[in-house]
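J.: First, the structure itself, so that you have it in front of you.
Here, each number is a calculation from the coordinates, and none is a lab measurement. None of these values were measured; they are calculated from a predicted model. All Cβ positions, even for glycine, are placed from backbone atoms using ideal geometry, and neighbour counts span all protein chains on display.
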Amino acid sequence: MTVYHINKAIGWASSGVEYAQKYRSLALHSTGTKQRFIFTDYLGTNLIHFTTLLGLETNEIIGIYAFLAQQQNHPSRYPLDSFEKRLNSSFSKKEMLENQLVYTIPNANISYRVWLIDQQFVDRIDILYNQKLIRVEHYSDRLTNIEYFGNNQLISRTFYTEQGSVAYRQFYENRQITLTFIDNKILIGRNAFFQLFFQRLKWDSDDIILLDRSHELVDAVFPKLNGARVGIIIHAEHYNAPYSSPSRILWNNFYEYVFTHDEYVTWYIAATIQQAKTMKDHFIKMNKDASKIHTIPVGCVDKVNGTMEISNKYNLVTVSRLATEKHIDLLVKAVVAAKKQFPEVTLSIYGEGGCSTSLQQLISKLNAENYIFLKGHQEMTHEYKKYGGYITASYSEGFGLTLLEAISYGIPIVGFLVPYGNTEFVQEGINGFLVKKTDSEEKNIFNLTAGLVKMLYPNFDLTEAITYNQAKVAKYTVENIGKRWDQLFSEITTKEDLHEYISS
């Protein structure tokens, strides 16, 4: 049996979906399960560079474009001097950014913009003629593919084998696949290309397919199952509440296809009991088979820390992609307000994303640079120990991986009373506070501030919070989550599982 985890892309700022895959990898490794991670998006940077940063095993990674070119997985190790030797003439070199060099050839109209990894290995080379992009070469430890451009539009890509010969060519219109020439075949469009890939994996009834992102993929997956079982991982709210009614549920458009074509699906896997219960109610209402819905958390911890302690309760932390939907700006404003009552308060914001610049501007505007800090992306293993409170302003969490990480260090939490992750981990007044979310940003800031003040007051029992968190996190060990996956794959429904659902 092989478990195939299917996702689209991965990058510098991984989302909760990618981290969920990382934790699932650990859980399945604990049971000895063979697994592969499939990524279907074309990436300009070597896929293995990103999966290594996340912590996935290189020999378990399958990139669709590399696979069909019969390429092996290699780290980014193409040396810069190998490129310079290719120029065969004198050149001038100018450092533009930390990871970018520009080469120009005297008396020529060609220039080369070289992007580096670790400041020494070539990631890609943009080739410009008269300052217009005409070609981009991509590397691992060797040339993997070349993109060709006309009028700044992508025209085609050529992919190469391990030995450097042409494996296949692909053509595009508006960056969408139109034609693929491969192995004496002409494939029309994206779906045919993807179906060829899934067909060559040669799935059978012993295999399990877990779709982390199914939208615009599953139409190519379902025809090639060949008896393999399918699990749909639910990472977000599964329906559109404002447009649903007592008689009809409007599904989230990212899940609509897999809910509608449930005859292909063996399991729907929610991360929390609360969401699974809601899904069961909705499936019954829509005449779907609710018995396919199961609950397995998407996060896990190595072990329960028996020596949890809070060194400074005034040091607050949040860990998140810096994206609009995370509402980090509300956290900044709430901490500024709370500091009026508790001058010792600080906030450290970990993560990267598109809102980084606007957040720094907001912090400066509020004169909070000396106590609110953007920390960027860091390995959090040793960072959580510095903090005494976790704060989140997300309006919805399918699970909340960083919430689990926080309680694994004993840290209490303040956030909104919203499904599903916050209510999964926070027991009101015991290990944190959940405040009401409204349609008013000002009111939401006020409510978050009030929750922070409650947590920072001396009468909040940190010892009780730590004790509760220790007991809570014990359910989420790698071993326990691995066993739950093993039970699901064996199609065992225990009395304990049934009791857990009914009693919750």
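J.: Please report the spacing between the Cα centers of segment 251-324 and segment 433-451 in Å, no decimals.
T.: After rounding, the separation between the Cα centres reads 24 Å.
J.: Less than 18 Å apart at the alpha-carbon level, and either on another chain or at least 8 residues along: which aspartates and glutamates does that give for Lys303?
T.: Those aspartates and glutamates meeting the cut-off are Glu379, Glu383, Glu405, Glu479.
J.: Within a 10 angstrom radius of the beta carbon, how do Lys472, Lys202, Lys34 rank from fewest other beta carbons to most?
T.: Ordered by Cβ neighbours within 10 Å, fewest first: Lys202, Lys34, Lys472.
J.: With a cut-off of 8 Å between alpha carbons and a minimum separation of six or more residues, what is the relative contact order of segment 80-189 in percent?
T.: 11 percent
J.: Helix 441-456 versus the longest principal axis of the chain: what is the Cα-based angle in degrees, 0 to 90, to the nearest 10?
T.: Rounded to the nearest ten degrees, it is 60.
J.: Something else now. When a footprinting reagent is the concern and you count Cβ atoms within 10 Å, what order do Thr318, Thr423 take, fewest first?
T.: With the sparsest Cβ surroundings first, the list reads Thr423, Thr318.
J.: Provide Ser358, Ser311 in ascending order of the number of other Cβ atoms located within 10 Å of each residue's Cβ, fewest first.
T.: Ranking Ser358, Ser311 by Cβ neighbours within 10 Å, fewest first, gives Ser311, Ser358.
J.: Put +1 on the Cβ of every Lys and Arg and -1 on every Asp and Glu Cβ in segment 315-475; which of Ala474, Thr449, Val414 then has its Cα farthest towards the positive end of the dipole?
T.: With unit charges placed on the Cβ atoms, the residue in question is Thr449.
J.: Could you tell me which GluC sites (Glu not before Pro) in segment 268-368 are loop residues by DSSP with no more than 14 other beta carbons within 10 angstrom of their beta carbon?
T.: Glu309, Glu344
J.: Would segment 315-475 count as rounded, prolate or oblate if I go by the C-alpha gyration tensor, calling it rounded below 1.5 in a/c and otherwise prolate when a/b exceeds b/c, oblate otherwise?
T.: In terms of gyration-tensor shape, rounded.
J.: What is the local net charge at Arg213, summed over the other residues whose Cβ is closer than 11 Å to its Cβ (Lys, Arg +1; Asp, Glu -1)?
T.: Here the count lands on -3.
J.: Quick one: angle between helix 16-29 and the longest Cα principal axis of the chain, in degrees between 0 and 90, rounded to 10, please.
T.: Its long axis makes an angle of about 90 degrees.
J.: Same structure, new question: With charges only on Cβ, +1 for K and R and -1 for D and E, what is the dipole size of the chain about its Cα centre, in debye, rounded to 20?
T.: The calculation lands at about 620 debye.
J.: What are the ³J(HN,Hα) values, in whole Hz, obtained from phi via the Karplus relation 6.51 cos²θ - 1.76 cosθ + 1.60 with θ = phi - 60°, for each residue of segment 332-349 in sequence order, with x given for Gly and Pro?
T.: 4, 5, 5, 5, 4, 5, 5, 5, 5, 9, 10, x, 7, 5, 10, 9, 10, 10
J.: Which residue, Ile284, Thr318, Asn191, has the largest displacement toward the positive end of the dipole of the chain when charges sit on each Cβ (Lys, Arg +1; Asp, Glu -1)?
T.: Towards the positive end, the residue furthest out is Asn191.
J.: Output the 0 to 90 degree angle, nearest 10, between the alpha-carbon long axis of helix 189-200 and the longest principal axis computed from the alpha carbons of the chain.
T.: Once rounded, one gets 80 degrees.
J.: At most 11 other Cβ atoms within 10 Å and a DSSP loop assignment: could you name the chymotrypsin sites (Phe, Trp or Tyr not before Pro) in segment 353-442 that fit?
T.: none
J.: Once you charge only the Cβ atoms, +1 for Lys and Arg and -1 for Asp and Glu, what is the size of the charge dipole of segment 315-475 about its Cα centre, to the nearest 20 debye?
T.: So the dipole magnitude of segment 315-475 works out to roughly 180 debye.
J.: How much length is gained if the chain between Arg135 and Lys386 is pulled fully straight, taking 0.36 nm per residue apart and subtracting their Cα-Cα distance, in nm to one decimal?
T.: 85.6 nm
J.: Go through segment 205-288 and name the GluC sites (Glu not before Pro) that are in a DSSP coil and have 15 or fewer other Cβ atoms within 10 Å of their Cβ.
T.: Glu216
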